[in-house]
Amino acid sequence: MKFESTVTQIQADNIDTDQIIPARFLKTISKDGLGDQLFFDWRYNADGSHKADFILNTDKAKASKVLFAGDNFGCGSSREHAPWALTQYGFQAVISTSFADIFKQNSLKNRLLPLVVSKEVHQQLREALEAIPDLQVSVDVETQTFTWPGGPAVTFTIDAFAKHCLLAGVDEIGYVLQHEAEIAAYEAKRFSTLNTLAS
Amino acid sequence: MPSKPRTIIEKVWDNHIVAEREGAPSLLFIDLHLVHEVTSPQAFSGLRQRGVKVRRPDLTFCTVDHSTPTTPRSLPIVDPIAATQVAQLEKNAQEFGIPYFGFQNRDQGIVHVIGPENGLTQPGMTVVCGDSHTATHGAFGALAFGIGTSEVEMVLASQTLLQKKSKSYEVRVEGTLKPGVTAKDIILALCAKIGIGGGTGCVFEYTGSAIRALSMEERMTVCNMSIEAGARAGLVAPDEKTFEYLKGRRFAPKGEKWDEAVAKWKELVTDEGATYDHSILIDADSLEPMITFGTNPGMGMAISANVPDPANVTDSLERESLRKALVYMGLQAGQPIAGQKIDVVFVGSCTNSRMSDLRAAAGVLKGRKVSPSVRTMIVPGSQEIKRQAEAEGLDQIFKDAGAEWREAGCSMCIAMNGDQLTPGQYSVSTSNRNFEGRQGKGGRTFLASPQTAAASAIMGVVTDVRTLA
Ligand code: SF4
């Protein structure tokens with residue numbers, strides 16, 4: 001996983017999943033068509049027309065793979081519709097100083113990279129974008145590096161297993177199902193005493 | 001050799017490790033998987049594509065709550081998309097052989113209300129659900145947390161979850177709550193203190209005399225909003241209150257098994273000398289009834305306080321967030337919150353829809369009338385609670401006061417079932433989230449306790465229940 005891209009900025013802290021995709025769009029039973037609903041209430045007027053000044057409605061954002069936001073991105077609900085909507089729009093990474101736990105897990109399972117940077121790097125990137133709005137950044141999961149021309153060489157952390165899954169395209173559920181013997185052994189050992197629901 | 005002292009969080013974790021492999025997260029066994037209509041359809045589709053069954057339908061339970069209307073059950077679900085979603089869960093439950101408390105079932109209710117109510121949630125369990133408020137079940141000393149839809153599929157297929165261990169965070173609440181101050185105020189105060197990202201990466205253990213003094217229902221209110229302070233889970237070590245609550249419930253162990261279980265459950269305490277990664281002390285005596293003024297649950301304050309001024313915030317992004325929040329809320333820096341005019345009062349949600357919450361609201365509303373300018377909705381958390389409240393005559397108190405008494409569901413907590421604010425409306429709500437649009441596009445939410453909500457309904461403005469004549 002390696003890509004270059006311009007950066008789409010939504011600079012607010014604590015962007016919650018109700019903003020990323022409002023609950024009324026969660027009545028779907030499929031994963032499709034969520035890209036158009038991304039940031040719906042920030043993106044559309046009451047009559048359904050685009051808000052001209054909202055960044056996601058620009059061609060530049062549509063071509064961008066990187067969303068750059070404030071602290072604690074993705075807080076709120078467990079809805080996986082949030083990373084589904086972000087990836088369907090075209091994002092492959094979100095940059096923030098921190099992510100809510102469930103959002104982070106959900107993102108990694110959908111090949112959306114939650115890229116954590118320090119407050120200092122966050123500030124440097126904001127300044128760089130102010131000077132050059134079309135700045136191209138590079139992300140490389142293999143080497144865990146994040147760079148831009150004239151910027152620092154940033155090494156980001158990513159859980160080793162998540163990295164392996166991203167790079168090798170591991171199907172985590174398939175991986176877990178390979179533990180059949182261990183799961184069966186655990187069940188045999190434990191149900192006699194503790195779990196009273198087991199039939 | 002004495003083993004190393006452990007927290008209850010570590011004990012529950014250790015008990016559930018199925019496998020640990022180098023370079024991978026732990027594989028954790030899940031004792032109880034609760035499923036609802038919104039975050040499960042894509043997981044069941046995934047199972048079908050794989051040709052895999054649900055491994056433990058006996059440890060899995062389904063109900064409908066989120067997109068389910070709270071209008072009389074004799075009426076059909078008018079929203080065709082919601083109706084399809086509800087029908088899909090019924091179909092999935094049937095096909096995979098999972099118990100299902102459906103729309104017309106007498107046990108239907110909010111997933112985090114019916115689990116404890118039926119004795120499904122028990123101490124020492126791992127409990128998951130595709131819903132971030134799964135932390136509610138932590139009130140029983142269970143390790144309970146929300147998961148995404150891919151993880152729902154993983155648990156359906158394997159009854160296990162790949163999981164990295166969280167850090168532990170002790171939230172110690174010592175002292176005695178003053179009259180008019182509730183469990184909801186404890187958790188809103190915690191959110192205000194550490195912020196909505198304050199507990200990220202952590203599991204809370206709530207300890208201290210003020211937590212011990214809470215009833216099981218009140219502990220559920222506290223644990224419920226752990227996620228609102230960023231923690232994935234929050235729990236309270238079980239005690240006599242826990243056992244007493246569980247005894248005799250439908251799925252609780254019976255006879256000899258009960259005694260055996262209680263003996264095991266009693267071991268679920270944090271050992272003396274065990275250490276936490278983080279800790280905080282909250283003084284219960286100094287707490288006031290709380291209310292939020294902004295657009296996340298961490299933007300809360302005592303109801304007698306004034307709205308903060310962004311000019312006093314040093315961090316530029318934080319200042320901007322607060323400024324934007326006040327614009328959205330239509331509030332001025334420095335203004336009092338008490339006296340703010342409101343349009344809707346909502347008493348309900350998995351935070352505050354249980355008997356003690358309804359009794360608290362009824363206690364305030366009894367013999368009074370809600371303001372004619374306020375729509376007041378009282379929504380029980382389950383059909384069982386609805387029956388019980390009606391047996392006690394609470395429904396009559398609500399109706400006499402001019403409030404609506406509705407069927408069980410998430411209702412106006414989430415605005416995807418027909419119950420919602422219209423743009424610009426203000427609500428005082430006992431739910432758990434005040435995000436922009438959470439209760440309806442453009443709607444503006446003040447989070448508070450059932451007592452504060454009821455007092456505000458009467459006065460038509462945000463009201464400190466202690467000032468009610
Ligand atoms: S009541 Fe609200 S928070 Fe609770 S499960 Fe329903 S939608 Fe989620």
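Each value in this text was obtained by applying a stated rule to the coordinates, not by laboratory testing. A quick note: this is a predicted structure, and the numbers were derived from the prediction, not measured. For neighbour counting, all protein chains shown are included, and Cβ atoms are generated from backbone atoms with ideal geometry for every residue, glycine included.
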Rh by Kirkwood over Cα pairs, then Stokes-Einstein D for segment B:7-76 at 0.890 mPa s and 25 °C, µm²/s: 159 µm²/s
For the protein assembly as shown, average projected area of the Cα convex hull in nm²: 28.7 nm²
Share antiparallel - DSSP beta bridges, segment A:2-158, percent rounded to 5: 45 percent
Distant-in-sequence amide H partners of B:Phe251 (H built 1.01 Å from N, under 5 Å): B:Gly119, B:Leu120
Fraction in percent of alpha-carbon pairs per bin - 5 Å, segment B:127-247: 2, 12, 22, 24, 18, 12, 7, 2, 1, 0
Inter-part distance where segment A:102-125 and segment B:180-202 are each reduced to a Cα centre, Å: 25 Å
Loop-located chymotrypsin sites (Phe, Trp or Tyr not before Pro) in segment A:91-125, at most 10 other Cβ atoms within 10 Å (DSSP): none
Value at 222 nm in deg cm²/dmol, rounded to 500, when DSSP H runs of n ≥ 4 in chain B each add -39,500 (n - 2.57): -9000 deg cm²/dmol
Net length gained if the chain between B:Arg106 and B:Glu22 were fully extended (0.36 nm per residue, minus Cα distance): 25.5 nm
B:Asp58 paired with B:Arg359, simple spin-label distance in nm, labels 7 Å along Cα-to-beta-carbon: 3.6 nm
Net dipole in debye of chain B [+1 Lys, Arg Cβ; -1 Asp, Glu Cβ; about Cα centre; nearest 20]: 620 debye
Principal axis dimensions, largest first and in whole angstrom, of segment A:63-128 by Cα: 32, 27, 15
Distance in nm between pseudo-label sites at B:Lys341 and B:Lys167 (7 Å out along the Cβ direction from Cα): 4.6 nm
Inverse of mean 1/r across different Cα pairs in segment B:1-151, Kirkwood, Å: 16.7 Å
Fully extended contour minus Cα-Cα distance, from B:Gln94 to B:Ala391, at 0.36 nm per residue: 103.6 nm
Sites A:Ser49 and A:Thr157, calculated FRET efficiency, Cβ-Cβ separation with R0 60 Å, nearest 0.05: 0.90
Given 15 as the ceiling on other Cβ atoms within 10 Å, longest exposed-site-free region of chain B for GluC sites (Glu not before Pro) in DSSP loops: B:23-266
Order of A:Ser96, B:Ser431, B:Ser349 - criterion: other Cβ atoms within 10 Å of each residue's Cβ, fewest first: A:Ser96, B:Ser349, B:Ser431
Diffusion coefficient, µm² s⁻¹, Stokes-Einstein with Kirkwood Rh over alpha-carbon pairs of segment A:2-158 at 10 °C and 1.306 mPa s: 101 µm²/s
Top positive-direction residue, dipole computed over segment B:279-364 with Cβ charges, set B:Val345, B:Val307, B:Phe293: B:Val345
Selection from A:Val154, A:Gln88, A:Thr143 lying farthest towards where the dipole of segment A:2-158 points positive, charges on Cβ: A:Gln88
Spin-label pair B:Ser304/B:Arg249, simplified geometry with 7 Å Cα→Cβ offset, distance in nm: 3.7 nm
Assigned charges on the beta-carbon of Lys, Arg, Asp, Glu; segment B:194-331 dipole about Cα centre (debye): 600 debye
Spatial separation of Cα centroids for segment B:240-254 and segment B:267-324, in angstrom: 34 Å
Dipole magnitude of segment A:2-158 about its Cα centre (Cβ charges: Lys, Arg +1; Asp, Glu -1), debye to nearest 20: 420 debye
Enclosed volume per residue, in Å³, of the convex hull spanned by Cα atoms of segment B:210-301: 146 Å³
In segment A:31-99, the trypsin sites (Lys or Arg not before Pro) that fall in loop regions by DSSP, at most 10 other Cβ within 10 Å: none
Amide H contacts of B:Gly234 (H built 1.01 Å from N, under 5 Å, at least 5 apart or other chain): B:Gly138, B:Ala144, B:Phe204
Gyration tensor (Cα) of segment B:359-469, equivalent ellipsoid semi-axes in angstrom: 21, 18, 11
Antiparallel DSSP beta bridges within chain B, percent to nearest 5: 25 percent
Share antiparallel - DSSP beta bridges, the protein assembly as shown, percent rounded to 5: 30 percent
Förster radius 30 Å - calculated FRET efficiency between B:Arg323 and A:Ser138 (Cβ-Cβ, nearest 0.05): 0.30
Scaled radius of gyration (Cα, divided by 2.2 N^0.38 Å) that chain B gives: 0.95
